[in-house]
Amino acid sequence: MKTLKKNGILNSEISKVLSDLGHTDEIVIADAGLPIPSGVKKIDLALALSDPSFIHVLELVLEDMKVESVLLAEEIKTENPSQLMAIENQLVDEEEISFISHEDLKKQLCNVKAVIRTGEATPYSNIILQAGVLF
């Protein structure tokens, strides 16, 4: 008889990706519209527009992942400031936040281990999370 995992993310693909991360490896949590390059692992959670939300998925991933830095699109500051505030509320002080253009963020996707696609339908709700170490 199998038992369910008691804590953390139940999605087996996300759980596997997080378990396989090494120091400085990166993953992305994305809104529904972010173009994902061919060859990059896509874990599609989108059920409908806004479901699940970007922030809910980010919150759950941050419970399971040690993050040392995050990368956001510069445009989120003016085009979606409420989402930026929600992101900042999820992060702890030790994570370094950097901003680059949305176009440069999309170019970075070729180097990530996986993209977790949400149903989020607000602009620039994309984040690159760089793995830290627990020791």
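Values in this text are rule-based calculations from the coordinates and carry no lab data. None of these values were measured; they are calculated from a predicted model. Please note: Cβ atoms are built from the backbone with ideal geometry, for glycine as well, and neighbour counts cover all protein chains shown.
Near K107, which lysines are there with a Cα under 19 Å away, not counting those fewer than 8 places off in the same chain?
In chain and number order, the partners are K41, K42.
With springs only between Cα atoms under 10 Å apart, run a GNM on the chain and tell me which of G33, G119, G22 wobbles the most.
In this elastic network of the chain, the residue with the biggest mean-square fluctuation among G33, G119, G22 is G22.
For the chain, modelled as a GNM with alpha-carbon contacts under 10 angstrom, which of L21, L72, L60 fluctuates the most?
The residue with the greatest mean-square fluctuation here is L60.
Quick one: Karplus J couplings for region 45-55, per residue in order, coefficients 6.51, -1.76, 1.60, θ = phi - 60°, nearest Hz, x for Gly and Pro?
9, 4, 9, 6, 4, 6, 9, x, 6, 4, 5
In Å, what Rg and Dmax follow from the Cα atoms of region 23-131?
Using the Cα atoms of region 23-131, the pair Rg, Dmax is 12.4, 34 Å.
For labels at K106 and T24 in the simple 7 Å Cα→Cβ model, what's the distance in nm?
Reported label-point gap for K106 and T24 is 2.7 nm.
So, counting K/R as plus one and D/E as minus one, what does the shell of residues with Cβ under 10 Å around T122 add up to?
-3
Given a Förster radius of 25 Å and the C-beta distance between S38 and S82 as r, what FRET efficiency does 1/(1 + (r/R0)^6) yield to the nearest 0.05?
For R0 = 25 Å, the calculated efficiency reads 0.15.
Run the helix sum for the chain: -39,500 (n - 2.57) per DSSP H stretch of 4+ residues, divided by residue count, reported at 222 nm to the nearest 500 deg cm²/dmol.
Counting only the DSSP helices, I get -8000 deg cm²/dmol.
What residue among T78, T118, T24 has the largest mean-square fluctuation in a Gaussian network model of the chain, using Cα springs under 10 Å?
Judging by the Gaussian network model, the answer is T78.
Tell me, what ³J(HN,Hα) does each residue in region 13-18 have, in order and in whole Hz, if you take phi through Karplus 6.51 cos²θ - 1.76 cosθ + 1.60 with θ = phi - 60° and put x for Gly and Pro?
5, 5, 4, 5, 4, 5
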